[in-house]
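Asks: Sending over a structure as structure tokens; questions will come in a sec.
Taken together, the values in this text are just the output of simple stated rules run on the coordinates, not laboratory data. Only a predicted model underlies this, so the values are computations on that prediction, with no experimental measurement involved. For neighbour counting, all protein chains shown are included, and Cβ atoms are generated from backbone atoms with ideal geometry for every residue, glycine included.
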Amino acid sequence: MKPPIAAYAALAVLTGTAGPGFAGDCTPIVDPSRSIIEYSGASTPCHYKFRTDGSGDELVVDVTVRDALNIPCPGCSVSCELLPISETLALATCCPNIVTAITDASGYAQLGFRAVSGRGAVQARVVLHCVGSIVLNTETISFTSTDLNAGAISPVGVTNLFDLGIIGSSVGTATPLAPPDVYANFNCDDAVNVFDLAFFAGGLAVDCGDAACP
Ligand SMILES: [Ca+2]
Ligand SMILES: [Ca+2]
């Protein structure tokens, strides 16, 4: 049976060997509580709003990996994956829904998502791949996009009349807005109205084919 991650780490310390991917002074005992994971990039206060060509918000994930002695860990592979949860109303991505980077000399790596379809909430899961796989952090992210139905009727990434119909069904809804109507309120003010169409209109002429994937 494969030993658990903690056993690997203890063994590595006892024998003075570092696990794959470790460099510098970092010990093999990565400490999620000392590592820093920050999410940013929402241009409005209530959710991230994506366009499938990437011209909307970018969900930026800044990761700094540190060990139990608070020493930064360079040379570690970290990934972030977007996973559907019960609050996900629709979700698809034009680019892979998992991105990976290697931490630099400061133990830092940046990950990002732009070309996302759907609406609702999604779980961002940050995993470290140095000794086995360690979940560093999970975060529930509220999001929407111009491709509101995430291709449930039309192809993924396409913004068209089906998506406009979803917005139309939320126009005039009593406030405070709640799901699912809140996801048609692109600008996060107190109503779904003509002002939300400006962002929506920017998604009409673009689709997954216009996305520049990392
Ligand atoms: Ca659509
Ligand atoms: Ca609005």
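Asks: Spin-label point model (7 Å from Cα, Cβ direction): what's the Ala212 to Asn160 distance in nm?
Replies: About 2.7 nm, to one decimal.
Asks: Only four residue types carry charge here, +1 at the Cβ of Lys and Arg and -1 at the Cβ of Asp and Glu. Report the dipole size of region 33-83 about the Cα centre in Debye, rounded to the nearest 20. The partial results should precede the final answer.
Replies: Numbers: 4 positive and 7 negative charges, 22 e Å.
Charge dipole, region 33-83, about its Cα centre: 100 debye, nearest 20.
Asks: When Ser142, Ser133 are ordered from fewest to most other Cβ atoms inside 10 Å of their Cβ, what list results? Display every interim value, and only then the final one.
Replies: On the way: Ser142 16, Ser133 11.
Taking fewest neighbouring Cβ atoms as first place, the list is Ser133, Ser142.
Asks: Just to be sure I understand the model, the point goes 7 Å from the Cα along the line to the Cβ. What's the resulting Phe195 to Ile153 distance in nm?
Replies: For the pair Phe195/Ile153, the computed spacing is 2.8 nm.
Asks: On full extension of the chain, what length is gained from Thr175 through Ser55, given 0.36 nm per residue of separation minus the C-alpha to C-alpha distance?
Replies: Between Thr175 and Ser55, full extension yields 40.3 nm more.
Asks: I've got another one for you. Under 14 Å from a label point 7 Å along Cα→Cβ of Tyr39: give me every residue in region 176-214 with its amide N that close.
Replies: Backbone N within reach: none found.
Asks: Another one. According to the Cα gyration tensor, what semi-axes, each the square root of 5 times an eigenvalue, does the equivalent ellipsoid of region 95-179 have, listed from largest to smallest in whole Å?
Replies: Values: eigenvalues 232, 49, 21 Å².
For region 95-179, the ellipsoid semi-axes come out as 34, 16, 10 Å.
Asks: Can I ask one more? Enumerate the calculated ³J(HN,Hα) couplings along region 114-125 in order (Karplus 6.51 cos²θ - 1.76 cosθ + 1.60, θ = phi - 60°), each rounded to whole Hz, writing x wherever the residue is Gly or Pro.
Replies: Here the 3J(HN,Hα) series is 10, 8, 10, 10, x, 6, x, 10, 9, 9, 8, 10 Hz.
Asks: If each residue's Cβ is checked for other Cβ atoms within 10 Å, how do Val61, Val158, Val194 rank with the fewest at the top? Present the calculation step by step, with values, prior to reporting the outcome.
Replies: Details: Val61 25, Val158 22, Val194 8.
Ordered from fewest to most neighbouring Cβ atoms within 10 Å, Val61, Val158, Val194 come out as Val194, Val158, Val61.
Asks: Ratio of alpha-carbon Rg to the 2.2 N^0.38 Å globular estimate for the chain, to two decimals, please. Don't skip to the answer; put the middle values down first.
Replies: Details: Rg = 20.1 Å, N = 214, 2.2 N^0.38 = 16.9 Å.
Rounded to two decimals, the normalised Rg is 1.19.
Asks: Can you sort Asp163, Asp104 so the residue with the fewest Cβ neighbours within 10 Å comes first?
Replies: Working: Asp163 26, Asp104 14.
Ordered from fewest to most neighbouring Cβ atoms within 10 Å, Asp163, Asp104 come out as Asp104, Asp163.
Asks: Let me understand region 154-214 better: what is its radius of gyration from the alpha carbons, and its Dmax, in angstrom?
Replies: Gyration radius and largest Cα-Cα distance of region 154-214: 12.8, 40 Å.
Asks: Then there's this: Could you grab the relative contact order for region 5-208? Cα pairs under 8 Å, six or more apart, rounded to a whole percent.
Replies: 20
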